[in-house]
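Engineer: Sharing a structure with you now.
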Amino acid sequence: MKAIQITSLDGPEALELHDVPEPVAGEGQVLIRVRAAGVAFPEVLLSRGLYQMKPELPFVPGAEIAGEVVTAPEGSGFAPGDRVAALCLLGGFAELAVAPVTETFALPDNISFEQGASIIFNYGTAYFALIERGGLVPGESVLVQGAAGGIGTAAIQVAKAFGAGRVVAVTSTAEKGAVALEAGADEFVLADGFKDAVVAGGKVDVVVDPVGGDRFTDSLRCLKDDGRVLVIGFTAGDIPTVKVNRLLLNNVSVVGVGWGAYVMQRPGHIGTEWAALEPHLASGALTPVIGPSFPLAEASKALLTLDERRATGKVLITP
């Protein structure tokens, strides 16, 4: 079968398309014909050897897939031909991949394969951030940094689906602002000077921040009393620091959101999150925003699109 391999740690440009043996499903695993694979920042980091997981070279990257079941264990609830999304961690940038039964989920009929490959990471992270770590209360207001990206659009929709009131998007351009509005935000403000624009409309209860960098202090300034900033990542490149007297004086919180580390230590937790999200997927309240899609042979371009922050929505590879 065709698959992308990382053979050296020289970054996204060094990804190579190869013929490799088809994977064989082991005990408790599902073999899936991959119709779409999500691209996330861990793949960019893996290509440079900068991720905490360091597989032996060469290896096939790709953690998040959607496709059709080829084989499944007896009693798993899956049968050949079933449409599924799955977390395979590695091996997804290929025509076939294997995933644990426990991390494989039936897709609602209204969700495409491309949308299915956009759910587990982004919507799982957004749910974990807003509901499990952030304690979102219905009616609370939410500010979303990086709101046109995969995490950002997911956070907008999860906030709305679970009862948020005003949802404000922060984007770098008006074009990206339009993407955030289409995803369900009530309004957008541009990143340059966002604090004054947000405060003028009323401070917020929660900030979702996958960006970091120099926006962080102004995110704190946008919070009401008892507000919290949810720290998801640092796509801006710089890890911000905070003088903790700001937290004390304003009675606000900074909350770490490490979805991957959390769920990997708690078998079955992704299934719990999927069960909470699934009714909203089936109803259409959660509709993943699809970004650029690339064939296997252009996997390097897919990673570079994400690495260079040119993408809106979820970047995909379609074998």
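Engineer: Which of the peptides 285-292, 312-319 is most tightly packed, and how do the rest follow, judged by the mean count of other Cβ atoms within 10 Å per residue?
Structural biologist: Working: 285-292: 20.6, 312-319: 24.4.
Result, highest mean first: 312-319, 285-292.
Engineer: Gain in length, V242 to V199, computed as 0.36 nm per residue apart minus the alpha-carbon separation, to one decimal in nm?
Structural biologist: Length gained between V242 and V199: 13.5 nm.
Engineer: Sticking with this one: So who's got an amide H within less than 5 Å of the one on G146, skipping anything under 5 residues away but keeping other chains? H placed 1.01 Å off N, in plane.
Structural biologist: Distant-sequence amide H within range of G146: V170.
Engineer: Something else now. What order do you get for 274-282, 119-127 when each peptide is scored by the mean count of other beta carbon atoms within 10 Å, highest first?
Structural biologist: Sorting 274-282, 119-127 by mean packing, highest first, produces 119-127, 274-282.
Engineer: If you don't mind, another one. Once you order the gyration tensor axes a ≥ b ≥ c over the Cα atoms, which shape class does the chain get: rounded for a/c under 1.5, otherwise prolate or oblate by comparing a/b with b/c?
Structural biologist: Cα axes put the chain in the prolate bin.
Engineer: Sticking with this structure for a sec: Normalised radius of gyration for region 1-58, please: alpha carbon Rg relative to 2.2 N^0.38 Å, two decimal places. List each step's numbers first, then the result.
Structural biologist: On the way: Rg = 12.8 Å, N = 58, 2.2 N^0.38 = 10.3 Å.
With N residues counted in region 1-58, Rg over 2.2 N^0.38 Å equals 1.24.
Engineer: Considering only the other residues whose Cβ falls under 13 Å of the Cβ of T272, what net charge follows from Lys and Arg at +1 and Asp and Glu at -1?
Structural biologist: Values: positive: R266; negative: E103, E132, E273, E278.
Cβ neighbours under 13 Å give a net charge of -3.
Engineer: To continue, here is another question. At R0 = 22 Å, how high is the FRET efficiency between R309 and E187 if r is their beta carbon distance? Nearest 0.05 is fine.
Structural biologist: E(calc), rounded to 0.05, equals 0.50.
Engineer: Show the residues, 5+ positions off or on another chain, whose built amide H is closer than 5 Å to the amide H of V315.
Structural biologist: It is V39, G291, by chain and number.
Bear in mind that the values in this text are calculations on the coordinates, not laboratory data. This is a predicted model, so every value here is computed, not measured. FYI the Cβ positions are ideal-geometry reconstructions off the backbone, even for glycines, and counts take in every protein chain you see.
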